[in-house]
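Have a look at the structure below before the remarks.
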Amino acid sequence: MHEELLPQSAGGSLATTLVSLVADVSGTDAVDLPPLAAVVDPDALSSLVDGPSAVEGLTVSFDYAGFHVVVHGNGRIHLTEADAIPQRN
């Protein structure tokens with residue numbers, strides 16, 4: 001499963017948008033998800049891809065709540081279910 005969304009579509013922060021997207025796709029309440037800060041610094045992520053110091057062309061990827069997340073420098077968020085990614089030996 002893949003989902004994409006432009007950050008701040010609802011006027012929220014990148015971190016809020018990302019957690020909301022994961023919650024929607026997984027069918028889980030956002031408050032039941034682990035803290036995003038446990039896997040990535042939300043402020044650093046936002047600085048890199050969303051705002052005046054954003055780095056165009058940059059991608060940041062990490063695993064969160066059963067998804068592989070890729071946040072692109074153009075502000076797009078791409079989710080792939082972690083079990084849909086082939087494991088390397």
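Among the residues that make up the stretch 46-67, is at least one of them on the phi > 0 side of the Ramachandran plot and at pLDDT 85 or above?
Here is the first cut: in the stretch 46-67, the residues on the phi > 0 side of the Ramachandran plot are 51, 57, 65-66.
Next, only the ones that are at pLDDT 85 or above stay: 65-66.
Yes, some residue in the stretch 46-67 is on the phi > 0 side of the Ramachandran plot and at pLDDT 85 or above.
Go through the residues of the stretch 2-18 one by one and say whether even a single one is surrounded by fewer than 16 Cβ atoms within 10 Å (Cβ to Cβ), at pLDDT 80 or above, out of contact with any helix residue (DSSP H, G or I) (no Cβ under 6 Å at 6 or more places or on another chain) and not hydroxyl-bearing (Ser, Thr, Tyr). Looking through the stretch 2-18, none of the residues is surrounded by fewer than 16 Cβ atoms within 10 Å (Cβ to Cβ), at pLDDT 80 or above, out of contact with any helix residue (DSSP H, G or I) (no Cβ under 6 Å at 6 or more places or on another chain) and not hydroxyl-bearing (Ser, Thr, Tyr). For the stretch 30-75, a residue qualifies if it is in contact with a strand residue (DSSP E or B) (Cβ under 9 Å, 6 or more places away or on another chain), surrounded by 13 or more Cβ atoms within 10 Å (Cβ to Cβ) and in a helix (DSSP H, G or I), and the qualifying residues are LEU36, LEU45, LEU48, VAL49.
The values are calculated or read from the model by the stated rules, or taken from the named source; none is laboratory data. It should be emphasised that the depicted structure is a prediction, and the values quoted were computed from it without experimental measurement. As a convention, Cβ positions derive from the backbone with ideal geometry for all residues, glycine included, and neighbour counts pool all protein chains shown.
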